[in-house]
Amino acid sequence: MTATAPPRRAPEAGPDSGKSAAGRRLRPRAVERLRRIGLPYLLLLPALLAELLIHIVPMFFGIVISFKNLTLFYIHNWKSAPWSAFDNYKAAVKIHQPIGEALLHSFWVTLAYTLLSVGFSWLLGTAAAILMQDTFRGRAIMRAIFLVPYALPAYAALITWTFMFQQDTGLVNHVLHDQLHVTSNKPFWLIGDNSFWAMVIVSVWKSWPFAFLALMAGLQNIPRELYEAAAMDGAGVWQQIRKITMPSLRPVNQVLVLVLFLWTFNDFNTPYVMFGQSAPHQADLISIHIYQSSFITWNFGSGSAMSVLLLLFLLLVTAIYLALTSRKRGDADA
Amino acid sequence: MRTSSTSSRLLAATALVAALGLTVTACGGSSDNGSGGDKNDPASLKGQTITYWASNQGTSLDNDKQVLTPELNKFTQQTGIKVKLEVIGWADLLNRILAATTSGQGPDVLNIGNTWSASLQATGALMPWDATAFTAIGGKDRFASAAIASAGAAGKDPAAVPLYSMAYGLYYNKKMFSDAGLTPPKTWDELVTDGKKLTKDGHYGLAVEGSNGSENIHHAFVLAKQRGSSWFDDSGKATFDTPANVAAVKQYVDFIASDKIAAKGDAEYSQNQTITDFATGKAAMMMWQSAATSIKAHGMTADQYGVVPVPTQTAGATGDAGITSMVAGINLAVFQNTKHKAAAEALVKFMTSTPEQKVLNGTYGSLPPVKEAQSDAAFQTPDLKTLAGVLGSSAAPLPQVPNESQFETLVGTAVKDLFADAAAGKPVTDDSVKAALTKAQQQMPAS
């Protein structure tokens, strides 16, 4: 720090020239460190605040409401609604009482719906992704067409489906009954037993492109050499799929199946657009059931309690699923 | 390492599930209040802006806007109060009102379905119309008493003021009836007999809107009333599965199930396909409320159909047995939390004034609940005269109890599922109807 040293060299001097200034540097270094560690948090802050505002706060109130007897008499001033302790939960889980019984029925319907929808979506998605893997003329167009259901606005597509499923004038019955003569009379799709299957069909149609997209991306990461080597060793197509494709897609599948499961289990649009505010008994999905309990019958406490139960169930499923799949993968890695 | 990755994964998954779950109960929506002073003296009302939520009465939301905007402009000219109009579809209206009620942020004036009156009254969201408030708009006596009875629970100040009135009638296709040599039925037995004669070659005697819960309960209500039965007892407790109510619902479902005078496909109707079927001649009869405008929109002219009161069990029945319709209609309410109460009341006064009643009801094909306006030539068409007669002498309000909306949902859905059984060829018996109604009743909150 003498006059001989040009001032502008100071920054370039680096650590070896800083011994004398160690005391003074301590604070800046701490600040520096804090800044380095703190920067990611600072960058995350807006997102965290938004998350808090959009998700956590409503969730918190949802949980609070589930412990209240919040019926139409109190919504004007919902803070005045009497606390009901676990009454809402008790009503929801008493499976031999009407409300609990209806919820349990709805739960089973939803579970069956989810398993079928996720299963078929995954199967279709995987098959299509693998078939589209090899280059051929028109592949890009086919891929684009396959993604159309995913790109369409859900409501518009679902309304079209309900038109197609109409008993008298719908396209589905026109093809099945009038053209192919598969059925002896026109079946109902939007009411009665078939409503469940109509809903599954629409759900698969809606979600398989997502599986296809995710798996297609996953397939790009599998080195071609693996297949070539396997082919040289005499592995057939099925063996290649079983021994190379499937294990390589494992991380993708792990996330994909979970996300599809959660989306489908919570699906509201499909039943709401297809059946309106009162779904047929056979297609009474839990999301619609909760909606009815809250908004149609104006019993928000009961609806919130059911929501919390749904949340707990999904958390449990997610935790078990991740624990199981991660352990297996860990074992495989070891 | 594995543990930490698993736990961070769990954390991420928790966040994900949290994001996906619980959204059902989270409701939002708010509406800003206009600006302006809070004084109630008329001179200071000038320059205030109030918000008005209108329900969908015309052929579309845009159509409603076109009908209402010039009228509201007249109001602004007369009073200097500006009105921000929002037309809200029926699918959203109640949810929007509930959100407004919860948040306290809502419109100043709003339309409500009159069957919601008692329910919304119980929430305390709507300004009660006491004697003073009624005096300000010309007095309670200006309105038809049936319409006032549908504006809130008995013994309480009404929660709203009647705006448009409607009633159910039996619409019949004149040509199909004369071809078959029939006259419109007066009893249900006649209706079924006529219906059977008219049901042939892809045509049906009757069309019903089987998947529409509201339609279902409106008819179930009338059919039960004709048997002297009600869906709630005097204390407001649900009495869904009484023998008379079971018989009422069964009679309605039997139009498809055993009488077979309505097409099986009607069981899934929920988008007013009934009107389409009637207007296109697929069905010879339908029971509907104030359908003139919709029928015309489907290309059937007024001289091609007739309207008579809905049948009764025995011809010429009176009292409860002679009830042929619910009191259908739209009420106009003032939001309790409004900061512009005087301006809001001024709008209600304007909308229920005799000239406006003539214009609005004339356009929408409904009947004016304001007695003075009823004599207008626009309401002297044969069908409207019939409906006015029904409203005046044989219409009863739906149960005005706080749990009315649960009744609509639970019983409406039960009837819908029974129709589905009928359409699928499953038997609909007294037992199956009773079981469905008992289940609906058990899900009602105790009150």
Within segment B:76-113, restricting to residues that are among the hydroxyl-bearing types (Ser, Thr, Tyr) and surrounded by fewer than 20 Cβ atoms within 10 Å (Cβ to Cβ), the one that is nearest to A:Ile75 (Cα to Cα) is B:Ser103
Of the listed residues (B:Ala267, B:Ala284), the one being closer than 23 Å to A:Gln277 by Cα, buried (at least 24 other Cβ atoms within 10 Å of the Cβ) and in contact (Cβ under 8 Å) with a residue 12 or more places away in the chain is B:Ala267
Given the criteria among the acidic types (Asp, Glu) and over 27 Å from B:Ala422 (Cα atoms), does A:Asp284 qualify?
no
Scan segment B:173-184 and tell me whether some residue there is closer than 22 Å to B:Ala247 by Cβ and in contact with a Gly (Cβ under 9 Å, 6 or more places away or on another chain).
no
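What helices (runs of 4 or more DSSP H), lying completely within segment A:130-198, carry at least 3 residues that are within 30 Å of A:Met246 (Cα to Cα)?
Numbers: elements: A:139-146, A:148-151, A:154-164.
Counting at least 3 such residues, we get A:139-146, A:148-151.
Quick check on B:Asp421: is it farther than 17 Å from B:Ser230 by Cα, more than 14 Å from chain A (Cβ to nearest Cβ) and charged (D, E, K, R)? Before the answer, list the steps.
Details: farther than 17 Å from B:Ser230 by Cα: yes; more than 14 Å from chain A (Cβ to nearest Cβ): no; charged (D, E, K, R): yes.
Against the criterion (farther than 17 Å from B:Ser230 by Cα, more than 14 Å from chain A (Cβ to nearest Cβ) and charged (D, E, K, R)), B:Asp421 does not qualify.
Quick check, is A:Phe300 touching a helix residue (DSSP H, G or I) at 6+ places or on another chain (Cβ under 6 Å), within 30 Å of B:Tyr269 (Cα to Cα) and at pLDDT 90 or above? Before you say what the answer is, go through the steps one by one.
Details: touching a helix residue (DSSP H, G or I) at 6+ places or on another chain (Cβ under 6 Å): yes; within 30 Å of B:Tyr269 (Cα to Cα): yes; at pLDDT 90 or above: no.
Here the answer is no, as A:Phe300 does not meet what is asked.
Restricting to segment A:219-241, give me the number of residues that are touching a helix residue (DSSP H, G or I) at 6+ places or on another chain (Cβ under 8 Å) and either free of Cβ contacts under 8 Å to residues at least 40 places away in the same chain or closer than 19 Å to B:Glu268 by Cβ (or both).
Initially, segment A:219-241 is screened for residues touching a helix residue (DSSP H, G or I) at 6+ places or on another chain (Cβ under 8 Å), giving A:219, A:221-222, A:226-227, A:230-231, A:235, A:239-241.
Applying the additional criterion that residues be either free of Cβ contacts under 8 Å to residues at least 40 places away in the same chain or closer than 19 Å to B:Glu268 by Cβ (or both) yields A:221-222, A:226-227, A:230-231, A:235, A:239-240.
Qualifying residue count for the region: 9.
Yes/no matrix, rows are residues, columns are (1) out of contact with any Ser or Thr (no Cβ under 9 Å at 6 or more places or on another chain); (2) at pLDDT below 95:
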| residue | (1), (2) |
| --- | --- |
| A:Gly100 | yes, yes |
| A:Thr110 | no, no |
| A:Thr126 | no, yes |
| A:Leu131 | yes, yes |
| A:Asp134 | yes, yes |
| A:Phe146 | yes, yes |
| A:Ala154 | no, yes |
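Within the group A:Phe73, A:Phe60, which residue is at pLDDT below 85 and under 30 Å from A:Leu285 (Cβ atoms)?
On the way: A:Phe60 fails: at pLDDT below 85.
Going through A:Phe73, A:Phe60 in turn, the sole match is A:Phe73.
Just to verify a result, which residue in segment A:166-175, among those that are more than 9 Å from chain B (Cβ to nearest Cβ) and in contact with a helix residue (DSSP H, G or I) (Cβ under 8 Å, 6 or more places away or on another chain), is farthest from B:Gln273 (Cα to Cα)? I'd like the intermediate steps shown before the answer.
Our first condition is that a residue be more than 9 Å from chain B (Cβ to nearest Cβ); within segment A:166-175, this holds for A:170-175.
Okay, now just the ones that are also in contact with a helix residue (DSSP H, G or I) (Cβ under 8 Å, 6 or more places away or on another chain), so A:170-172.
Working: A:Gly170: 13, A:Leu171: 17, A:Val172: 19 Å.
Looking at residues that are more than 9 Å from chain B (Cβ to nearest Cβ) and in contact with a helix residue (DSSP H, G or I) (Cβ under 8 Å, 6 or more places away or on another chain), I get A:Val172.
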The helices (runs of 4 or more DSSP H) lying wholly within segment B:351-447 that contain at least 1 residues that are crowded, with 24+ Cβ neighbours inside 10 Å and touching a residue at least 40 places away in the same chain (Cβ under 8 Å) are B:354-364, B:382-393, B:404-423, B:430-442
task = Go through the residues of segment A:216-225 one by one and say whether even a single one is among the basic types (Lys, Arg) and closer than 22 Å to A:Ala154 by Cβ.
result = no
In the set B:Ile148, B:Ile137, the lone residue that is in contact with a Pro (Cβ under 7 Å, 6 or more places away or on another chain), among the hydrophobic types (A, V, I, L, M, F, W, C) and surrounded by fewer than 24 Cβ atoms within 10 Å (Cβ to Cβ) is B:Ile148
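Out of A:Thr126, A:Thr114, which single residue is within 30 Å of A:Met142 (Cβ to Cβ) and within 13 Å of chain B (Cβ to nearest Cβ)? Spell out how you get there, then give the answer.
Details: A:Thr126 fails: within 13 Å of chain B (Cβ to nearest Cβ).
From the options A:Thr126, A:Thr114, the qualifying one is A:Thr114.
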Review point. Is there a residue being among the polar types (S, T, N, Q) and over 22 Å from the mean Cα position of the chain (by Cα) anywhere in segment B:342-352?
Key: no
Evaluate the following for B:Gly425: is it farther than 24 Å from B:Ile261 by Cβ and out of contact with any helix residue (DSSP H, G or I) (no Cβ under 8 Å at 6 or more places or on another chain)? no
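Do you know which of the residues in segment B:263-282 that are within 23 Å of the chain's Cα centre (by Cα) and away from chain A (no Cβ under 12 Å) is farthest from B:Asp194 (Cα to Cα)?
Pass one, segment B:263-282, residues within 23 Å of the chain's Cα centre (by Cα): B:266-279.
If we keep only those that are away from chain A (no Cβ under 12 Å) as well, we get B:272, B:274-275, B:278-279.
Working: B:Asn272: 23, B:Thr274: 18, B:Ile275: 19, B:Phe278: 16, B:Ala279: 19 Å.
It comes out as B:Asn272.
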Filtering segment B:261-273 for residues that are touching an Asp or Glu at 6+ places or on another chain (Cβ under 9 Å) and at pLDDT 95 or above leaves a count of 1
Within segment A:57-93, residues being within 12 Å of chain B (Cβ to nearest Cβ), exposed (fewer than 15 other Cβ atoms within 10 Å of the Cβ) and more than 15 Å from A:Val308 (Cβ to Cβ) number 4
If you go through B:Asp179, B:Asp189, B:Asp92, the only one that is farther than 20 Å from B:Ser325 by Cα, at pLDDT 90 or above and of a type in the set (Asp, Glu) is B:Asp179
Of those in segment A:318-329 that are under 18 Å from the mean Cα position of the chain (by Cα) and more than 9 Å from chain B (Cβ to nearest Cβ), the residue nearest to A:Trp263 (Cα to Cα) is A:Ile320
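How many of the residues in segment B:78-111 are in a strand (DSSP E or B) and closer than 14 Å to B:Ala346 by Cα?
Residues in segment B:78-111 being in a strand (DSSP E or B) and closer than 14 Å to B:Ala346 by Cα: 4 in total.
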For segment B:115-132, check the following and say yes or no: at least one residue is aliphatic (A, V, I, L, M), touching a strand residue (DSSP E or B) at 6+ places or on another chain (Cβ under 6 Å), assigned to a helix (DSSP H, G or I) and under 19 Å from A:Ile296 (Cβ atoms).
yes
If we ask which residues in segment B:350-382 are under 27 Å from B:Ala317 (Cβ atoms) and touching a helix residue (DSSP H, G or I) at 6+ places or on another chain (Cβ under 6 Å), their number turns out to be 2
Restricting segment B:396-430 to residues that are among the small types (Gly, Ala, Ser) and within 20 Å of B:Ala159 (Cα to Cα), the one farthest from the chain's Cα centre (by Cα) turns out to be B:Ala396
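The values are calculated or read from the model by the stated rules, or taken from the named source; none is laboratory data. These numbers were taken from a predicted model, which means no experiment stands behind them. Backbone-built Cβ (ideal geometry, glycine too); neighbour counts: all protein chains shown.
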